[in-house]
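Each value in this text was obtained by applying a stated rule to the coordinates, not by laboratory testing. Note that the structure is predicted; figures quoted are calculated from it, not measured. Cβ atoms come from the backbone with ideal geometry, glycine included; neighbour counts cover every protein chain shown.
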Amino acid sequence: MIEVVNLTKRYPGFTAVRDISFEVAKGEIVGFLGPNGAGKSTTMRILSGYLPPTSGTVRIAGFDVFEQSIQARSHIGYLPENTPMYHDMRVHEYLRYRAALKGVESSQIKERVGDVLEMCDLLEKERAIIGTLSKGQRQRVGLADAMVHDPDLLILDEPTIGLDPNQIRQVRELIKNLANRRTVLVSTHILPEVEIMCSRVIVIHKGRIRASDTADNLLKQHRSAGEVRLELDGQPENAKEILAAIKGVKDVSEKKLDSGALYQLRTDADSEPISAVLQAARDNHWQVQAIERKKPTLEDVFVDLTQGD
């Protein structure tokens, strides 16, 4: 459904996207992750036809996004991070207007608008003026707009921004229910949601693809990139420095407790520092109250792939 080959986007003095290539198959729900400024939104705007690339090729459903723009866009529903809309229109008027612009036949507009109002939990707000809606409600109007022409592909840039926990759950279930019927490329900072929703994850950092795999496989590949928690009785001098010097330890945070101290150690992938930590405790006569290895999460993998360099 999506084919990206050697995509690059340069601005004067800055390269936002650097020669990236990836594919998304029909029916996949793929999480597109990266820190702020990584190139996510730039890539999604290029995929949607809103921004031209410097070089490279993008095809949607086999159509070149720029040489066959109309055909490619007919397959795309795009929700940008900040959704522009007419704030003086009523919700149902706006969606009917957008459906007509997107080529929905006049005989089907009422049905399609009704469907997306229901899917996005907006039936009670269909006659409300958009400008009177909360940020979360406007975000759901934007999502309804993205789906009103029944596209094959949804490109969603931070679709849950501004939503409360109940609304986030509703959007998550909606996206999950689209599996196999639509292809979804979704950017979000809520990493637990990605693990639940997405069949695959693409991580971009400084304009380059750093990983593309299932969440489970990424966790296996970075299985040691979790955290070691060490609680000591008392507050020994130089403990933080001694722990930070252990091979494989990336950084150490220290928290003073009433009668002791808690140290959190983040490690390199494939390192197993617990034995070395216990040896340091013995050598320095520390009284260990507790030590545990925290199970790695997608957040740990994300930090490991995108921090530094």
>> With 10 angstrom as the radius, rank 258, 115, 251 by how many other C-beta atoms surround their C-beta, starting from the fewest.
In response: 258, 251, 115
> Charges only on Cβ, +1 for Lys and Arg, -1 for Asp and Glu: so what's the dipole of the range 20-75 about the Cα centre, in debye to the nearest 20?
Replying inline: 140 debye
>> Suppose each label sits 7 Å from its Cα in the direction of the beta carbon; what would the residue 74-residue 196 distance come out to in nanometres?
In response: 3.7 nm
>> Given Cβ point charges of +1 (Lys, Arg) and -1 (Asp, Glu) and nothing else, what value in debye, to the nearest 20, does the dipole of the range 225-306 about its Cα centre take?
In response: 60 debye
>> Restricting to lysines 8 or more places apart or on different chains, can you count the pairs in the range 196-287 with Cα atoms under 23 Å from each other?
In response: 7
>> Report the Cα centroid-to-centroid distance between the range 290-309 and the range 178-215 in angstrom, as an integer.
In response: 18 Å
> Under 17 Å Cα-Cα from residue 125, which lysines qualify once same-chain neighbours fewer than 8 residues away are excluded?
Replying inline: 110, 135
> Residue separation times 0.36 nm, minus the C-alpha to C-alpha distance between residue 110 and residue 10: what's the value?
Replying inline: 31.7 nm
>> Modelling each spin label as a point 7 Å along the Cα-to-Cβ direction, I'd like the residue 278/residue 19 distance in nm, to one decimal.
In response: 4.7 nm
> Whole-Hz Karplus ³J(HN,Hα) for the range 245-262, in order, using 6.51 cos²θ - 1.76 cosθ + 1.60 and θ = phi - 60°, x for Gly and Pro?
Replying inline: 7, 5, 4, x, 8, 7, 7, 9, 10, 10, 10, 6, 10, 4, 10, x, 8, 10
> Using alpha-carbon pairs under 8 Å, 6+ residues apart, how would you state the relative contact order of the chain in percent?
Replying inline: 19 percent
> Among 288, 249, 228, which one shows the biggest mean-square fluctuation in a GNM of the chain, springs joining Cα atoms closer than 10 Å?
Replying inline: 288
> Which value results for Rg/Rh of the range 27-117 when Rg is the Cα radius of gyration and Rh the Kirkwood radius based on the inverse mean 1/r?
Replying inline: 1.01
> Within a Cβ distance under 12 Å of residue 141, other residues only, what is the Lys/Arg minus Asp/Glu net charge?
Replying inline: +2
>> Using alpha carbons only, how many angstrom separate the centre of the range 97-166 from the centre of the range 55-87?
In response: 18 Å
> Once Lys and Arg get +1 and Asp and Glu get -1 on their Cβ, which of 239, 130, 65 lies farthest toward the positive end of the dipole of the chain?
Replying inline: 65
> For the chain, what is the convex hull volume of its Cα atoms per residue in Å³?
Replying inline: 159 Å³
>> Give me the dipole magnitude in Debye, nearest 20, for the chain about the Cα centre, with unit charges on the beta carbon: positive for Lys and Arg, negative for Asp and Glu.
In response: 620 debye
>> Once the convex hull of the alpha carbons of the range 106-228 is built, what does its volume come to per residue, in cubic angstrom?
In response: 147 Å³
> For residue 9, which aspartates and glutamates qualify as cross-link partners when the Cα separation must be under 20 Å and same-chain residues fewer than eight apart are set aside?
Replying inline: 19, 23, 64, 67, 81, 157
>> Which residue fluctuates most in the GNM of the chain (Cα springs below 10 Å): 184, 113, 252?
In response: 252
